[in-house]
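Asker: Questions regarding the structure given below will be posed in turn.
The values are calculated or read from the model by the stated rules, or taken from the named source; none is laboratory data. None of these values were measured; they are calculated from a predicted model. Backbone-built Cβ (ideal geometry, glycine too); neighbour counts: all protein chains shown. Heads up: the accessible areas ignore ligands, DNA and RNA and are worked out on the full protein's heavy atoms, side chains in. Shrake-Rupley method; radii C 1.70, N 1.55, O 1.52, S 1.80 Å.
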Amino acid sequence: QVQLVESGGGLVQPGGSLRLSCAASGSIFIIYSMGWYRQAPGKQRELVAVISSNSRTTYADSVKGRFTISRDNAKSTMYLQMNSLKPEDTAVYYCNAKLTPNDYWGQGTQVTVSS
């Protein structure tokens, strides 16, 4: 069992930055593939970025060059550095931990990009 707690969301102006954190507990963090997903009102949840157990990263085209995913295995924490934020980045951001067949989600943190 894995417990995930996101933090770092908030209101930011277009062009601004935020850093999200996802603290994990309850299992061996290093063996999990971790990811960030987001869901905007009226839309399906979508992949933002994932980082594998050996730190290989994958990004959605919409965030490439602006967002950076990272993990600190010693702290059992994953991060998402978001720069050059746009209004279309507004969504609830969810942390995910995956080790087949197990799949865990955090409660989500709101990110609002607005002037």
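Asker: Filtering segment 92-114 down to residues that are assigned to a strand (DSSP E or B) and open to solvent by 70 Å² or more (accessible area, probe 1.4 Å), which residue is farthest from SER33 (Cα to Cα)?
Answerer: GLN110
Asker: Here's another thing I want to ask about it. Kindly check whether there is at least one residue in segment 74-91 that is open to solvent by 60 Å² or more (accessible area, probe 1.4 Å), among the small types (Gly, Ala, Ser), part of a loop (DSSP other than H, G, I, E, B) and out of contact with any Lys or Arg (no Cβ under 8 Å at 6 or more places or on another chain).
Answerer: For segment 74-91, residues open to solvent by 60 Å² or more (accessible area, probe 1.4 Å), among the small types (Gly, Ala, Ser), part of a loop (DSSP other than H, G, I, E, B) and out of contact with any Lys or Arg (no Cβ under 8 Å at 6 or more places or on another chain): present.
Asker: For segment 61-90, which residues satisfy the criterion of being modelled with pLDDT of 95 or more, more than 14 Å from the chain's Cα centre (by Cα) and aliphatic (A, V, I, L, M)?
Answerer: Of everything in segment 61-90, just one residue is modelled with pLDDT of 95 or more, more than 14 Å from the chain's Cα centre (by Cα) and aliphatic (A, V, I, L, M), namely LEU85.
Asker: Follow-up. Is it the case that some residue within segment 49-60 is over 21 Å from LEU4 (Cα atoms), free of Cβ contacts under 8 Å to residues at least 24 places away in the same chain and either over 11 Å from the mean Cα position of the chain (by Cα) or in a strand (DSSP E or B) (or both)?
Answerer: yes
Asker: Here is a further query. Would you confirm whether any residue within segment 30-40 is more than 13 Å from ALA97 (Cα to Cα), assigned to a loop (DSSP other than H, G, I, E, B) and not hydroxyl-bearing (Ser, Thr, Tyr)?
Answerer: Yes - at least one qualifying residue is present in segment 30-40.
Asker: For segment 8-41, how many residues meet the condition of being open to solvent by 80 Å² or more (accessible area, probe 1.4 Å) and closer than 17 Å to SER114 by Cβ?
Answerer: 3
Asker: If the Cβ limit is 9 Å and pairs must be 6+ apart or interchain, which residue in segment 1-14 that is farther than 15 Å from ASN96 by Cβ and in contact (Cβ under 8 Å) with a residue 12 or more places away in the chain pairs with which residue that is open to solvent by less than 30 Å² (accessible area, probe 1.4 Å) and in a loop (DSSP other than H, G, I, E, B)?
Answerer: GLY9/GLY108; VAL12/LEU85; GLN13/LEU85; PRO14/LEU85
Asker: Taking segment 61-73 as the search range and keeping residues that are in a loop (DSSP other than H, G, I, E, B) and touching a residue at least 24 places away in the same chain (Cβ under 8 Å), which one is least open to solvent (accessible area, probe 1.4 Å)?
Answerer: Here the answer is VAL63.
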